[in-house]
Amino acid sequence: MSEKRYYHAIQILDDNCTGCTACVRVCPTEAIRVRDRKATIDQNRCIDCGNCVTACQFHAIIPRSDPLDIIQNFKYKVAIISSSYAGQFSEDVSYPVAKQALLKLGFDEVAEESYVTEFVIRIIRDYIRTHKEIRPIISSNCPAVVRLIQVKFPSLLPNMLHLEAPMSILTRFIREEVQRSKNLKEDELGVFLIVPCVAHVTAVHQPEGAYKHLQDGACSAGMIYGKLKDLLKNIQNNPQEIDTYEKGLTWALSGLEGEMAEDKDIRALTVNGIENVMEVLSKVEDHYLDQYDYIVLRSCTNGCVGGCLNIENPFVAMSRIKKLIREGKPFDFDTTELDDLYKEGEFAVVPLKPRSIMELDKDIKTAIKKMKQINEFLIMLPGLNCSACGSPTCYALAEDIVQGKATIDDCVVLLKRHTKEEEQ
Amino acid sequence: MAEYWNINPEHESAVRDFFTSVPEADVVLDFEIGEKDFVNSGKGSAEVKNTLKRLGIGPETLRRIAVASYEAEINVTAHSQGGRMDSYLYDEFILIRFTDKGPGIADIEQAMVPGFSTADDLVREMGFGAGLGLPNILKNSDALHIVSAQGESTRVEIMIFYGN
């Protein structure tokens, strides 16, 4: 196995970490251990879902995103806002105001992910129809889901929709358009995403399957919100006329993406929340969901509105976005250029590769031996799954022991029992 | 007492050898299956699949094991008064044994016919009972051994080789 280093947008601050193991228990790939009273993340297993960020009560697990200053390295700066951004503002702040506020933060132009939604749905349908031999096709928009499949469900990689996500498609479009119209050199144009979650930060810095350099940074939606909150009043009093594309905000809500992709010949299933995603992927693996043509999977509750960098509750944000979609004006959008780029294969991605880290050993016989040892340790352990040892479950501790990463003395409960026995 | 055998000719001698000696397995997984407990049915086979994933067994073999064990688990849930599932992991294959508390299969050959089902209304309401359980197990296993009689318990043994 190649020793590739994976980028992650999650950082542990040792000084703040109390070793409480809250993060250990919520990690879907069992990537976190507490050793010597500090949490550590196995970089090969982490999929950047952000569960640990949300679970940590001590500000010890910090989401990493790019500071706003970095936009100053570019002559012309474009921000692309994720659709979930629209759900973060209270209802007295109109969506056009929330959009133009970004211009005050130093961006020269603000683009919306929602602008390309219709186009993306069209190419997804085309992809589904031209890949009839593969069922179901699995949406690749959520970077945490892509990495989850690479780590835990590698047999499903061929089922992934091998197309760029909407914000990347929009980036390519902007690079073509703006560079030409503003007469800019490639390195003078900076494209930045305003993102709802750490997985999207990771996807900007280490994209899976991308053929070309895309974005120059990813700023947290929460950080941006904090910076422009004080500017909003001023803009509300002097609003500019700007175009917005509310009808395309469907992308922020996993349920709506699925509904949009559906057609007479396309049956879609929508799933959100990482536990549900894992259960459904397991069924897909066994071919129990082959009746679906397309499956939309999002790691967070309700889709991107549930991202850990957002400030609003995912259900409140969803309700606001639905209102915006309902009241939004239809817009005409000339897709000739995007269509041409699609036909030239510009939005295709490199076949995704597995990150196989779940095997106990390369050799099956050795792996079975190790599993036997794990079971022997498991019988000795109390079976409380209390995580006090720093491993998520008794099984994980048994495995850590066999893999030489822990000892049976790490079990606090056994230690206590032994001490009692000695006292008697 | 009726007995049914189906063995993939490729593994004929290995299967016969195994059943004459039945060596002890390094890893054993066991699971209780409750009568008509469709909420938990499928968890046993999911656990088997997740365990096998840790051994680095290929996706196609994993799928065969998952389908065969899931169908058999559902069969015990739907048609019996409950039972158990014991999985034995060996170096080259897995043996999964389902033992239930009855009421037995009246005619095994008939039960093997695709589309034949004795499922009751409750089972059909749950979306099962299409009569494809045993045929699916047969299709996905290297050896299938069934021992049953009307009014008695049923034992179903499934053997699947890992391949390369």
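Could you give the semi-axes, largest first, of the ellipsoid that matches region A:59-112, computed as the square roots of 5 times the alpha carbon gyration tensor eigenvalues and rounded to whole Å? Kindly include the intermediate steps, with their values, before the conclusion.
On the way: eigenvalues 84, 72, 17 Å².
For region A:59-112, the ellipsoid semi-axes come out as 20, 19, 9 Å.
Using heavy-atom solvent-accessible surface (probe 1.4 Å) with all chains present, what is the largest-first order of A:Glu186, B:Glu47, B:Glu125? Write out the running numbers ahead of the final one.
Numbers: A:Glu186 120, B:Glu47 75, B:Glu125 150 Å².
The residues order as B:Glu125, A:Glu186, B:Glu47, largest area first.
Run the 1.4 Å probe and let me know the accessible area of B:Val123, rounded to the nearest 10 Å².
Approximately 0 Å² of B:Val123 is accessible to the 1.4 Å probe.
Find the eigenvalues of the gyration tensor of the Cα atoms of region A:1-64, then list the square roots of 5 times those eigenvalues as equivalent ellipsoid semi-axes, largest first, in whole angstrom. Don't skip to the answer; put the middle values down first.
Details: eigenvalues 71, 29, 25 Å².
Listed largest to smallest, the semi-axes of region A:1-64 are 19, 12, 11 Å.
What is the pair-distance distribution P(r) of region A:262-354, computed from all Cα-Cα distances in 5 Å bins starting at 0, with each bin given as a whole percent?
3, 10, 11, 13, 18, 20, 16, 8, 1
Which three lengths, in whole Å and largest first, does chain B cover when its Cα atoms are put on their principal axes?
Cα extents, longest axis first: 42, 31, 25 Å.
Hey, could you pull the Cα Rg and Dmax for region A:354-424, both in Å?
Every Cα atom of region A:354-424 included, Rg and Dmax give 13.9, 53 Å.
Take the Cα gyration tensor of region B:1-58, multiply each eigenvalue by 5, square-root it, and list the three semi-axes largest first, rounded to whole angstrom. Write out the running numbers ahead of the final one.
Working: eigenvalues 136, 72, 31 Å².
Computed over region B:1-58, the values are 26, 19, 12 Å.
Debye calculation, C-alpha points only, no solvent: report log10 I(q)/I(0) for chain A at q = 0.08, 0.10, 0.11 Å⁻¹, in the same order as the q values.
For the requested q values the scattering log ratios are -0.49, -0.74, -0.87.
With every protein chain present, what is the per residue accessible area of the protein assembly as shown (1.4 Å probe, Å²)?
Details: 27030 Å² over 588 residues.
With the other protein chains kept in place, the protein assembly as shown gives 46 Å² per residue.
Using only alpha carbon pairs under 8 Å that are at least six residues apart, calculate the relative contact order of region A:361-424 and give it in whole percent.
Values: 49 pairs, mean separation 16.3, N = 64.
Relative CO of region A:361-424 lands at 26 percent.
Given the protein chains as shown and a 1.4 Å probe, how many square angstrom of A:Asp243 are accessible, to the nearest 10?
Approximately 110 Å² for this residue.
Given Cα pairs under 8 Å that are at least 6 residues apart, what percent is the relative contact order of chain A?
Values: 717 pairs, mean separation 89.8, N = 424.
Relative contact order, chain A: 21 percent.
Roughly what angle does helix A:274-285 make with the longest principal axis of chain A, taking Cα atoms, 0 to 90 degrees, to the nearest 10?
80 degrees
Looking at region A:107-179, I'd like the Rg to Rh ratio, where Rg is from alpha-carbon atoms and Rh is Kirkwood's inverse mean 1/r. Intermediate results must be reported in sequence, preceding the final value.
Details: Rg = 14.4 Å, Rh = 13.8 Å.
Using Cα coordinates only, the ratio equals 1.05.
State the percentage of accessible surface on the protein assembly as shown attributable to carbon and sulfur atoms; use a 1.4 Å probe and exclude ligands, DNA and RNA.
On the way: 13150 of 27030 Å².
Summing carbon and sulfur atoms, their accessible area is 49 percent of the total for the protein assembly as shown.
So if each residue of separation counts as 0.36 nm, and I subtract the Cα-Cα distance between A:Gln43 and A:Asn183, what length gain in nm does that give? Walk me through the numbers on the way to the answer.
Working: separation 140, 0.36 × 140 = 50.40 nm, distance 4.13 nm.
Stretched out fully, the A:Gln43 to A:Asn183 stretch lengthens by 46.3 nm.
Of A:Lys365/B:Lys49; A:Lys152/A:Lys365; A:Lys132/B:Lys53; A:Lys152/B:Lys36; B:Lys53/B:Lys139; A:Lys75/A:Lys104, which sit over 26 Å apart, Cα to Cα? Before the final figure, lay out the partial values.
Working: A:Lys365/B:Lys49 17 Å; A:Lys152/A:Lys365 21 Å; A:Lys132/B:Lys53 28 Å; A:Lys152/B:Lys36 31 Å; B:Lys53/B:Lys139 21 Å; A:Lys75/A:Lys104 16 Å.
Over 26 Å Cα-Cα: A:Lys132/B:Lys53; A:Lys152/B:Lys36.
By the scheme Lys and Arg +1, Asp and Glu -1, what is the net charge of all other residues having a beta-carbon under 13 Å from that of A:Ile321?
Details: positive: A:Lys247, A:Arg320, A:Lys322, A:Lys323, A:Arg326; negative: A:Glu91, A:Glu112, A:Glu113, A:Glu246, A:Glu257, A:Glu312, A:Glu327.
With Lys, Arg at +1 and Asp, Glu at -1, the neighbours total -2.
Ignore the peptide's own chain and count Cβ atoms of other chains within 10 Å of each Cβ in A:369-382; give me the average, rounded. Walk me through the numbers before you get to the answer.
Values: counts 3, 4, 8, 5, 2, 2, 4, 0, 0, 0, 0, 0, 0, 0.
Mean shielding count: 2.
Mind listing which chymotrypsin sites (Phe, Trp or Tyr not before Pro) in region A:280-357 are in a DSSP loop and have 16 or fewer other Cβ atoms within 10 Å? Provide the component values of the computation, followed by the final result.
Numbers: sites: A:Tyr288, A:Tyr292, A:Tyr294, A:Phe315, A:Phe331, A:Phe333, A:Tyr342, A:Phe347; in loops: A:Tyr288, A:Tyr292, A:Phe331, A:Phe333, A:Phe347.
Listed in order of number, the matching sites are A:Tyr288, A:Phe331, A:Phe333.
In what order, largest first, do A:Glu279, A:Glu346, B:Glu10 sit by accessible area if the probe radius is 1.4 Å?
B:Glu10, A:Glu279, A:Glu346
The values are calculated or read from the model by the stated rules, or taken from the named source; none is laboratory data. As the structure is a prediction and not an experimental result, all values here were calculated from the model. Here Cβ is always computed from backbone atoms with ideal geometry, including for glycine, and neighbour counts include all displayed protein chains. These accessible areas exclude ligands, DNA and RNA; they are computed on the full protein's heavy atoms, side chains included. Shrake-Rupley method; radii C 1.70, N 1.55, O 1.52, S 1.80 Å.
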